[in-house]
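What follows is a short report on a single structure.
The values are calculated or read from the model by the stated rules, or taken from the named source; none is laboratory data. Bear in mind that the values here come from a model prediction, so they are computed numbers and not experimental data. Every residue, glycine as well, gets a Cβ built from its backbone with ideal geometry; the counts of neighbours run over all protein chains shown. Ligands, DNA and RNA are excluded from the accessible area calculation, which covers all protein heavy atoms including side chains. Shrake-Rupley method; radii C 1.70, N 1.55, O 1.52, S 1.80 Å.
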Amino acid sequence: MTGMASHGSSDGGKPASVAGRLGLTLFFLLFFTMGSLFELFVVRAFWHTLAQRTWKKTPCTIVSSEVQERTARDAPFAWAVSYRYTHEGQSYTNSGYRRNDEASGSYSDMQRLARKYPAGRNAFCYVNPRNPDQAVLTRDSLALGLVIPFPLIFVAIGIGGAVLIWCRPAAEAETSIAAGALRKSRKSKGKSRYLAPALFALFALVGGALAYPLGIRPITRTIAAESWVATPCQVLRAEVCSHDSDDGTTYSVYILYQYEFRGQTYKSDRYEFLGGSSSGYRGKDRVVEQYRAAAHPICYVNPDDPFDAVLKRGFHAKLLLALVPLIFLLIGVSGLIGVLRTNSPAGDGATLPPLAQRPLRASDEADLLRVEGSGRAVLAPKFSGKTKFIGMTFGALFWNVIVLVFVASIANGFQRDNPSWIGLLVLLPFVAVGLGLAGGAVYQLLALFNPRPTLELSSTVIPLGTAAELSWSFSGQARRIDEFTVTLRGVEEAKYRQGTSTCTDRNTFHETELYRTSNAGEIASGQVGFVVPPDTMHSFAAENNKILWSLDIHGSIKGWPDVKESFPITVAPVAG
Amino acid sequence: MEKLSIILEQDKAAFAPRETIRGTIRWNLDAGIRHLELSLFWYTAGKGTRDVGVIETRRFDEPGAVGWKDFSFPLPDGPYSFSGKLISLIWALELTCSPGSETVRREIVLSPTGHEILLACANESER
């Protein structure tokens with residue numbers, strides 16, 4: 001097995017104690033138990049659904065059919081139906097719409113069923129031949145079968161986790177470093193091939209599953225409702241419904257209204273297309289009061305299906321929530337495409353990852369260390385001004401939007417004379433960080449207007465102990481810079497796990513100020529020669545440990561963000 | 001006699017880049033050993049999670065219970081053996097047998113100076 005090299009990492013930490021392993025095993029067993037129970041439940045339900053396919057399709061007559069009001073908040077109306085059928089010469093009466101499930105939900109949906117199955121109409125029901133008392137008007141959907149694989153993920157995590165905890169050869173990994181690394185490299189090749197696509201597929205799956213009910217449907221209905229007919233209606237009931245959960249109470253607008261369309265009377269209780277509830281009582285109470293006070297408010301009726309009506313149409317801020325599943329879907333699909341392209345043989349050459357992120361081949365090592373760069377090189381900064389600004393702005397937005405939700409909740413409590421002082425105290429440090437991030441974004445925005453440096457090095461790679469020449473020039477108003485320094489810096493960087501987070505420590509082992517000037521002409525453009533010390537370490541980049549060399553420039557500007565850029569360079573082993 | 005051993009020519013432990021490392025491996029094991037593996041590799045020690053780079057591995061199938069074998073590996077240009085405040089990089093030869101957990105490791109230095117490079121601390125470590 002010559003000519004190949006592998007490059008891996010191991011945590012090198014202590015193996016988990018028996019108590020720790022037992023704790024983790026319990027955790028994974030919980031996963032296994034919950035997954036298994038859910039799987040049993042789903043398989044059982046699917047089995048019944050399949051069994052329904054053997055039920056006999058039988059003519060029936062609808063005896064009664066009406067929409068009834070219920071006390072349940074989430075399904076305030078139910079469709080009460082009874083029908084008569086004959087099986088093997090004997091007459092039966094039943095009231096089942098679906099197996100173990102009465103039809104309940106919004107008034108519009110129930111009304112639609114009542115119109116589909118009016119009293120006196122002949123229809124079909126499905127009768128259980130083994131128990132003719134049992135019948136339904138509609139059979140359960142076989143789509144339930146699609147849910148069967150999902151609990152198996154939890155079962156697999158539970159079993160896999162528990163097995164891995166007890167089967168991991170921790171002691172051997174400590175004593176045999178090279179053999180352990182080779183094993184790990186072979187294993188991680190397989191893992192990385194499947195892990196990323198699986199994660200992106202999960203994103204796409206969740207996004208896709210939620211995209212229609214939460215995203216596409218409300219948006220398309222909002223667009224379609226633009227052509228619905230404006231119709232005066234009469235409000236029958238209007239109230240703010242409260243929904244209690246572990247996270248507190250949320251509220252929703254509930255309005256039942258009646259309207260006439262083409263000579264027929266209809267009822268609906270749809271206020272807007274995006275249902276659900278949220279915190280904030282006052283706004284919803286105002287809406288309810290407005291509708292209570294209105295003599296004949298306008299609702300919008302679908303001319304193709306007059307059961308379909310809505311009070312509030314058009315785009316509003318809440319509809320932006322519909323984009324969330326679409327973002328999930330986009331991340332999943334684009335990630336999958338990216339990963340599959342990277343894994344495909346055709347794309348391999350074009351998108352090779354950095355050396356440190358994949359097993360080394362002998363040729364890679366030679367490429368990394370060979371001194372080839374003799375031509376001049378324009379250096380690229382580690383992070384451009386735009387990258388810093390965008391990164392800081394996104395960071396500030398992300399942080400502050402989350403913090404704002406909590407601020408609004410606490411402010412709401414203060415408005416309703418229910419102040420949470422402890423919540424306020426806990427929140428203050430987060431608000432301070434948010435303000436700091438916002439300040440950082442403003443700082444980076446101002447820094448975008450700084451003079452921009454261009455650095456050119458005499459060689460793309462500098463071997464230890466050899467000389468190089470650096471030249472620089474500024475575009476923009478370089479005279480604003482009062483003092484300018486160039487520093488050659490060598491840093492060791494170590495990445496390690498601490499609990500669940502990854503930490504990175506840095507230590508500067510070499511620092512030489514190559515140039516310092518306050519002369520405007522020399523600041524605008526200049527050059528400096530330097531020698532990389534021969535008795536130090538060359539550039540080195542593994543997955544967790546790195547030796548990084550850079551040329552750092554600093555231009556101080558009074559009353560304005562300084563020009564501060566770091567330009568990575570490659571220092572090679574001694575030329576030989 | 002030790003079960004596994006790595007003996008370097010002239011007991012030399014420091015090498016320059018591109019030099020060839022020569023030596024002998026010896027083993028005195030129970031019967032039933034399927035293969036021995038000799039690896040030339042580097043690994044990191046210190047604060048960071050360990051990285052390992054295996055440069056070359058030689059496999060000796062059906063070696064018998066007792067025996068010896070000469071080996072030689074050409075060394076690459078780097079990375080050099082070094083020691084800093086956070087990271088140390090160590091070169092080594094490692095001999096393992098299968099089946100079994102017997103392992104022997106012999107550390108060497110790869111550096112143009114004949115000593116590991118010591119990295120000074122220009123300022124305090126930042127986090």
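At a 1.4 Å probe, what is the % contribution of carbon and sulfur to the accessible area of the range A:439-576?
Whole-percent figure for carbon plus sulfur exposure: 50.
Mind checking B:109-121 for the average number of partner chain beta-carbons within 10 Å of each residue's beta-carbon?
4
Take the solvent-accessible surface of the protein heavy atoms, probe 1.4 Å, and return the percent of it on the range B:4-126 that carbon and sulfur atoms account for.
46
Any chance you could check the Cα centroid distance between the range B:67-127 and the range A:206-263 for me, in angstrom?
The range B:67-127 and the range A:206-263 have Cα centres separated by 68 Å.
Cut-off 10 angstrom, C-alpha nodes, Gaussian network model of chain B. Which of B:GLU116, B:GLU56, B:GLU94 fluctuates the most?
With Cα springs under 10 Å in chain B, the top fluctuation among B:GLU116, B:GLU56, B:GLU94 is at B:GLU56.
Kindly report the accessible area of the protein assembly as shown per residue (heavy atoms of protein chains, probe 1.4 Å, no ligands, DNA or RNA), in Å².
The answer is 54 Å² per residue.
Among B:THR103, B:THR49, B:THR113, which one moves the most in a GNM of chain B with springs linking Cα atoms closer than 10 Å?
B:THR49
How big is the B/A interface in buried accessible area, both sides summed, 1.4 Å probe, to the nearest 100 Å²?
4100
Which cross-chain or sequence-distant (5 or more) residues have an amide H under 5 Å from the amide H of A:ALA542, H modelled 1.01 Å from N in plane?
A:ILE547
Under a no-solvent Debye model with one identical scatterer per Cα of the range A:483-555, what's log10 I(q)/I(0) at q = 0.12, 0.25, 0.26 Å⁻¹?
At q = 0.12, 0.25, 0.26 Å⁻¹ the computed log10 ratios are -0.46, -1.09, -1.14.
Leaving out ligands, DNA and RNA but keeping every protein chain, what accessible area does A:VAL461 have, in Å² rounded to the nearest 10, with a 1.4 Å probe?
Approximately 30 Å² for this residue.
Under the Kirkwood approximation applied to all pairs of distinct alpha-carbon atoms, what is the hydrodynamic radius of the range A:433-473 in Å?
For the range A:433-473, inverting the mean 1/r across all distinct Cα pairs yields 13.4 Å.
Quick one: pull the percentage of alpha-carbon pairs in the protein assembly as shown with a separation above 38 Å.
Values: 148956 of 246753 pairs.
So the portion of pairs separated by more than 38 Å is 60 percent.
Count neighbours as other Cβ atoms within 10 Å of each site's Cβ, and list the trypsin sites (Lys or Arg not before Pro) in the range A:108-156 that are DSSP loop with at most 16 such neighbours.
Sites meeting the loop and neighbour criteria: A:ARG121, A:ARG130, A:ARG139.
What FRET efficiency comes out for A:THR517 versus B:GLU2 if R0 is 60 angstrom and r is the Cβ-Cβ distance? Round to the nearest 0.05. Can you show the working numbers first?
Numbers: r = 64 Å, r/R0 = 1.06.
Once rounded, the FRET efficiency stands at 0.40.
To the nearest 10 square angstrom, how much accessible area does B:VAL104 have with a 1.4 angstrom probe?
Roughly 30 Å² of B:VAL104 is accessible to a 1.4 Å probe.
Looking only at other chains, what is the average number of their beta-carbon atoms within 10 angstrom of each beta-carbon in A:489-498?
Numbers: counts 1, 4, 5, 12, 3, 11, 4, 6, 2, 0.
Per residue, the average neighbour count from other chains is 5.
Take every Cα pair under 8 Å in the range B:4-126 that's 6+ residues apart, average their separations, divide by the length, and report that relative contact order as a whole percent.
Taking the mean separation of contacting Cα pairs over the length of the range B:4-126, I get 33 percent.
Per residue of the range A:197-210, what does 6.51 cos²θ - 1.76 cosθ + 1.60 with θ = phi - 60° give for ³J(HN,Hα)? Whole Hz please, x for Gly and Pro, Karplus curve as stated.
x, 5, 5, 5, 5, 5, 4, 5, 5, 5, x, x, 5, 8
For the range A:537-576, what does the alpha-carbon gyration tensor say about shape, rounded, prolate or oblate, given a ≥ b ≥ c as the root eigenvalues, a/c under 1.5 as rounded, and a/b over b/c as prolate?
Oblate, because a/c is 1.5 or more while a/b does not exceed b/c.
Please give the residues from the range B:38-67 for which the solvent-accessible area of heavy atoms, probe 1.4 Å, is smaller by at least 30 Å² with all protein chains in place than with the chain isolated.
B:TRP42, B:LYS47, B:GLY48, B:THR49, B:ARG50, B:ASP51, B:VAL52, B:VAL54, B:ILE55, B:GLU56, B:THR57
What Kirkwood hydrodynamic radius do you get for the range A:432-515 when you take the inverse of the mean 1/r over all pairs of distinct Cα atoms, in Å?
16.9
In the structure shown, do any of A:LYS116/A:LYS267; B:LYS12/B:LYS69; A:LYS184/A:LYS382; A:LYS56/A:LYS116; B:LYS3/B:LYS69 have a Cα-Cα gap over 23 Å, and if so which?
Where the Cα-Cα span goes over 23 Å, the pairs concerned are A:LYS184/A:LYS382.
I want to verify the translational diffusion coefficient of the range B:4-126 in µm²/s; compute it with Stokes-Einstein, Rh as the Kirkwood radius over Cα pairs, at 20 °C and 1.002 mPa s.
On the way: Rh = 15.6 Å.
Answer from the Stokes-Einstein relation: 137 µm²/s.
Expressed in nm to one decimal, what extension gain is obtained for the pair A:GLN134 and A:MET34 from 0.36 nm per residue of sequence separation less their Cα-Cα distance?
Details: separation 100, 0.36 × 100 = 36.00 nm, distance 3.16 nm.
Gain on extension, A:GLN134 to A:MET34, equals 32.8 nm.
In 5 Å bins starting at 0, how do the alpha-carbon pair distances of the range A:64-166 split up by percent?
Calculated over all Cα pairs of the range A:64-166, the distribution is 2, 11, 16, 16, 13, 11, 8, 6, 5, 5, 3, 2, 1, 0 percent.
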